[in-house]
1. Report the calculated FRET efficiency for Ile189 and Cys51 (r = Cβ-Cβ distance, R0 = 41 Å), to the nearest 0.05.
2. Any chance you could list the semi-axes, whole Å, largest first, of the equivalent ellipsoid that the Cα gyration tensor gives for segment 18-176, using √(5λ)?
3. To the nearest 0.05, how large is the calculated FRET efficiency for Leu39 and Arg202 if R₀ is 25 Å and r is the Cβ-Cβ distance?
4. With charges only on Cβ, +1 for K and R and -1 for D and E, what is the dipole size of segment 110-203 about its Cα centre, in debye, rounded to 20?
5. Which whole-number percentage describes the relative contact order of segment 18-176, with Cα contacts under 8 Å and a sequence gap of 6 or more?
6. Tell me, what ³J(HN,Hα) does each residue in segment 76-92 have, in order and in whole Hz, if you take phi through Karplus 6.51 cos²θ - 1.76 cosθ + 1.60 with θ = phi - 60° and put x for Gly and Pro?
7. What ranking do 58-71, 105-118 get when scored by the average of other Cβ atoms within 10 Å per residue, highest first?
8. Kindly provide the pair-distance distribution of segment 143-206 built from C-alpha pairs, with 10 Å bins from 0 and whole-percent values in order of increasing distance.
Amino acid sequence: MSKHTKRNSHLLQEPEKPKNIFVTIRRLIGYLEKYRWKLILAIILLIISTCITVVATRMIGVCIDKYIVTRDWAGLKSAGLQLILLYVAASFLSWMQEYLMIQTAQNTAQKIRDDLFGKMQMLPLRYFDTRPHGETMSRMTNDVDTIATMLNTNLSQVLQSVLTMVTTFAMMLYLSPILTLCVLGTIPILLWTTKKNTKMVRKFFAQRQEHLGKLNGFIEESISGQKAVKVFAKEEEQMV
């Protein structure tokens, strides 16, 4: 095994997993409890904006069938103005929802970092002797940033996707139950594909976070120990 492989063999270790994911989720919900009214308002705004978007999409079909085909330009002008108002309202509500989610996510991330820093003050010296400093820093920066991204982006996208799917499904049933049943036949394939991809992505994402922490630790130790490297002329070994 080469020096480079030995040095970086710790990057190939199996990433750590939470002992109880439900306890972890419950603790995260505890951090969000302080901002529950903002979350509720953000969800309400998301529901309204999604419904407006679905209604506007339906209106486009009405405009084509009722006004463009019949060349009713006056009716098309009126419907076009209504569409513009609907999309402007949906965009404004979506912006408000994103603002509330980002504010909640950043405040939650700040609280988690404060608690992490307080926890670090209570840890024994052995903890810092057995772990790279960069890995500890990565947990307080990259990992917490990942949680913030999940709250202000991924959570909103999941909720919006679910709401869009439900409202679109209701609209499809209203327009054509037979075509809706035909579309439902493809759902098992989509669910199976999504499940397979989710397992693969989750595995690689966990490895990415783990390797990022190890890499930050290696970089931090290399830079902080650069004087010692220079004194003992070990530059070539550092580059291997």
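Derivation of every value follows stated rules applied to the coordinates shown; laboratory data play no part. Since this is a predicted model, take the numbers as computed values, not measurements. Please note: Cβ atoms are built from the backbone with ideal geometry, for glycine as well, and neighbour counts cover all protein chains shown.
1. The computed FRET efficiency comes out at 0.90.
2. 48, 15, 13
3. Numbers: r = 25 Å, r/R0 = 0.98.
It comes out at approximately 0.55.
4. 320
5. 33
6. Per residue, the Karplus-derived 3J(HN,Hα) values read 5, 5, 5, 5, x, 5, 5, 4, 4, 4, 5, 5, 5, 5, 5, 5, 5 Hz.
7. Answer by packing, highest mean first, reads 105-118, 58-71.
8. Percent of pairs per bin, in order: 18, 34, 30, 15, 3.
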